[in-house]
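S.K.: Let me begin by handing over the structure; questions about it come next.
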Amino acid sequence: MAYKLSEGSLEVIMNGGHYDKPIMQVLGSKKIQGSGANERFRLLVSDGKHSHSFAMLATQLNDKLITGELSDYSVVQIDRFVTSLLKNTGKGEKRVMIILDITIVAPGTEVGKKLGNPQTWTEESAAAIPAQPTMQAIPKHNPVISTPSVKTSPNPSLDSSMLSSQMTHPIASLSPYQNKWVIKARVMSKSAIRTWSNARGEGKLFSMDLCDESGEIRATAFKSECDKFYDLIQVDKVYYISRCQLKTANKQFTHLKNDYEMTFNADTVVAECMEDVGSVPTIKYEFVPINEIANRNPDTLLDLIGVCKYAADIQELTARSTGKLLKKREVTLVDSSGGAIALTLWGSEAEKFDGSTNPVIAAKGARLTEFNGSKSLSCLASTMIRLNPDLPEAHKLRGWYDNGGADMEVVNISARSGAGGGAGGEWLTFAEAEARQLGAGERGDYYSLLGVLTFTYADNAVYKACPQEQCNKKLVDQENGLYRCEKCNREYPNFKYRLLLGANVSDPTGDQRITAFNEAAEAMLGKTSAEIGQMFEYDKAAYSQIFEEVKFKTFVFKFRTKMETYSDEARLKTTVMNAQPVDYKDANSRLLKSIKALSGVEV
């Protein structure tokens, strides 16, 4: 079969001109830097007349090369590309073509040979062709410099004319070897300001993730630049940015597919782009179907999208290393692949999350963890969360869930294998939990159960705790108007109320003594710890009534059970991780499935 290449297209492109969707042949490839998801490859491409080795493959296309889909002698259509001028030591500037999107016309195994007799392209051998830049020039009337220091800088090159006189560069082309560049990028996310203090001093910083159609990059501002830019830069807006320091990315702190990262300095220029922002993409996702996540390795960073089917109550825990009080919420996501997985939200994301409307959640860069054979996802400080995003995948999921997907039977890969079930998965009975020897292991087990609260121990259910946010230690009344915290080694004139509820839970197969800490106890009693504490002090009758009213109420409990030793006697300790009111539609669906499984009769 004859393949027609776009002869002469390389000459046009490498002279700065535009050629729409040229057909070229890949003659070779070479890895030039990075590893794993951050590998970069250089291609030797031919248009049949000339060949050129300064063509770089955008990182999002690496899989085509690694899997062999794109191989030597492949004929491809280059659907999107940009060019950039890089410094070539001792030889002036060199134009590089960054390939952003390709269509494989014919695989290399089918072509099997070099087409034509291409000659190596050089500036000396090429005829000069009037250049029509492929990169978009910044409109001269557009930017307004968004930092006062830039406006008042004594250096005249640091004003808006500096931006408007240059062309934008793709993020994928940036390297520490360039000095003069301007990018046009959208802010995908912006962190909160973080502070530090150590023997060498103290300071603050914030970071943001930027993207354009060629790739992504992390930018960080320290100290005075942090103060200067934090309030001016807004998520989802597009900015022209120049004069930053480029250095090798620290992969401990970023998951973006770029070997470099930017640091703002005193010369950095930032200007908001007020027009033509639609051409700059928003967050770049590479969604993984939930049913495929079970095959991924722990600690992998993943992008996923799913519908929130369950949202647990917020939980509080204390970090062992810092003693800081942390807040988290676990949500169960489902998708049309038939999978379900738990995603843990932290901090303000956990506090403000509302799962009552079953929103679609898109997460970029969530970390995969494994425990007791189950896998779940946890948000990092760099994870980007969007609720009901305007994406085709989100609209498709919404339609699927609202038209029968909510009742679809799913496999919850966050359910404990062998030793228990997950919150949104299988419901066990006390008899089944005992038969599976849950709690016998060193680290304890989790399972869900539909049970009735049959008795509560109200006498010691509320206590006065340390008022510090990161401490929940019970205080000692000094009987002089002050309360002492043994953990903090301090005395306080105030306190906060906390709940520690002991109770009995029963189901048709047995009963169990349980313990519920603050948030779980509040969910069961329907009141906050502060309200219950006030009743305990000033209205004993109302206090007693709360505990009477909750008796014989039914909840879906998520338990953590573990064998502990008390006075040389081993006993099973069961703690309520969360308690939710019964969704009777879901409960009836489970009951019908159980009847069918036991009897073989379709109900």
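Results for (1) open to solvent by 50 Å² or more (accessible area, probe 1.4 Å); (2) closer than 23 Å to residue 192 by Cβ, shown as yes or no for each residue.
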| site | (1), (2) |
| --- | --- |
| 235 | yes, yes |
| 240 | no, no |
| 255 | no, yes |
| 275 | yes, no |
| 279 | yes, no |
| 283 | no, yes |
| 295 | yes, no |
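S.K.: Next question. Mind checking whether some residue in the range 290-313 is of a type in the set (Lys, Arg) and within 20 Å of residue 391 (Cα to Cα)? Please lay out each step first, then the result.
M.R.: From the range 290-313, those of a type in the set (Lys, Arg) are 296, 309; that's our starting set.
Filter once more, keeping what is within 20 Å of residue 391 (Cα to Cα): 309.
Yes, because at least one residue in the range 290-313 is of a type in the set (Lys, Arg) and within 20 Å of residue 391 (Cα to Cα).
S.K.: Among 357, 268, which is the only one that is out of contact with any strand residue (DSSP E or B) (no Cβ under 6 Å at 6 or more places or on another chain) and open to solvent by less than 10 Å² (accessible area, probe 1.4 Å)? Don't jump to the end; show me each part of the working.
M.R.: Details: 357 fails: open to solvent by less than 10 Å² (accessible area, probe 1.4 Å).
Going through 357, 268 in turn, the sole match is 268.
S.K.: Would you mind stating whether residue 325 is surrounded by 18 or more Cβ atoms within 10 Å (Cβ to Cβ) and in contact (Cβ under 8 Å) with a residue 40 or more places away in the chain? So that I can check it myself, show each step before the final result.
M.R.: On the way: surrounded by 18 or more Cβ atoms within 10 Å (Cβ to Cβ): no; in contact (Cβ under 8 Å) with a residue 40 or more places away in the chain: yes.
Taking the combined requirement at face value, the residue does not satisfy it.
S.K.: Here is a further query. Can you spot a residue in the range 231-245 that is within 17 Å of residue 282 (Cβ to Cβ), touching a helix residue (DSSP H, G or I) at 6+ places or on another chain (Cβ under 7 Å) and among the polar types (S, T, N, Q)?
M.R.: No, the range 231-245 contains no residue that is within 17 Å of residue 282 (Cβ to Cβ), touching a helix residue (DSSP H, G or I) at 6+ places or on another chain (Cβ under 7 Å) and among the polar types (S, T, N, Q).
S.K.: Could you list all residues from the range 435-471 that are open to solvent by 70 Å² or more (accessible area, probe 1.4 Å), over 32 Å from the mean Cα position of the chain (by Cα), under 20 Å from residue 557 (Cα atoms) and not aliphatic (A, V, I, L, M)?
M.R.: 436, 437, 455, 457
S.K.: Quickly run through the range 184-213 and pick out the residues that are under 16 Å from residue 228 (Cβ atoms), of a type outside the set (S, T, N, Q) and either part of a strand (DSSP E or B) or open to solvent by less than 20 Å² (accessible area, probe 1.4 Å) (or both).
M.R.: Passing the criteria: 187, 190, 203, 204, 205, 206, 208.
S.K.: Then there's this: Can you work out which of the residues in the range 64-96 that are at pLDDT 85 or above and open to solvent by less than 10 Å² (accessible area, probe 1.4 Å) is farthest from residue 17 (Cα to Cα)?
M.R.: Per the stated criteria, the residue is 70.
S.K.: Also, I was wondering about something else. Can you tell me which residues in the range 231-256 are over 21 Å from the mean Cα position of the chain (by Cα) and among the charged types (D, E, K, R)?
M.R.: Within the range 231-256, 231, 243, 247 qualify.
S.K.: So which pairs qualify, if the first residue must be in the range 1-23 and more than 26 Å from residue 168 (Cβ to Cβ), the second must be open to solvent by less than 100 Å² (accessible area, probe 1.4 Å) and of a type in the set (Val, Ile, Thr), the Cβ gap must be under 6 Å, and the two must be at least 6 apart or on different chains?
M.R.: Between residues of the range 1-23 that are more than 26 Å from residue 168 (Cβ to Cβ) and residues that are open to solvent by less than 100 Å² (accessible area, probe 1.4 Å) and of a type in the set (Val, Ile, Thr), the close pairs are 3/75; 5/23.
S.K.: From the list 237, 251, which one is within 16 Å of residue 183 (Cα to Cα) and among the basic types (Lys, Arg)? Before the answer, list the steps.
M.R.: Working: 251 fails: within 16 Å of residue 183 (Cα to Cα).
Criteria check complete, one pass: 237.
S.K.: Among all residue pairs at least 6 apart or on different chains, which show Cβ distances below 6 Å where the first residue, located in the range 475-489, is without any contact (Cβ under 8 Å) to a residue 12 or more places away in the chain and part of a strand (DSSP E or B) and the second is surrounded by 11 or more Cβ atoms within 10 Å (Cβ to Cβ) and acidic (Asp, Glu)?
M.R.: Qualifying pairs under 6 Å: 484/491.
S.K.: Hey, can you tell me all the residues within the range 107-126 that are at pLDDT 80 or above and either over 44 Å from the mean Cα position of the chain (by Cα) or among the charged types (D, E, K, R) (or both)? Spell out how you get there, then give the answer.
M.R.: If we filter the range 107-126 for residues that are at pLDDT 80 or above, which is where we start, we get 107-121.
Across the range 107-126, the qualifying residues are 110, 113, 114, 115, 116, 117, 118, 119, 120.
S.K.: Could you please find all residues in the range 1-51 being assigned to a strand (DSSP E or B), open to solvent by 20 Å² or more (accessible area, probe 1.4 Å) and at pLDDT 80 or above?
M.R.: First pass over the range 1-51, keeping only residues assigned to a strand (DSSP E or B): 23-33, 40-46, 50-51.
Going one step further and asking which of them are open to solvent by 20 Å² or more (accessible area, probe 1.4 Å), we end up with 23, 27, 29-33, 41-42, 44.
Result: 23, 27, 29, 30, 31, 41, 42, 44.
S.K.: Also, I was wondering about something else. Every residue in the range 379-410 that is surrounded by fewer than 17 Cβ atoms within 10 Å (Cβ to Cβ) and of a type in the set (Gly, Ala, Ser), please.
M.R.: Across the range 379-410, the qualifying residues are 381, 399, 404, 406.
The values are calculated or read from the model by the stated rules, or taken from the named source; none is laboratory data. Everything numeric in this text was worked out from a predicted model, so none of it was measured. For neighbour counting, all protein chains shown are included, and Cβ atoms are generated from backbone atoms with ideal geometry for every residue, glycine included. Protein only, heavy atoms only, side chains kept; ligands, DNA and RNA dropped before computing areas. Shrake-Rupley method; radii C 1.70, N 1.55, O 1.52, S 1.80 Å.
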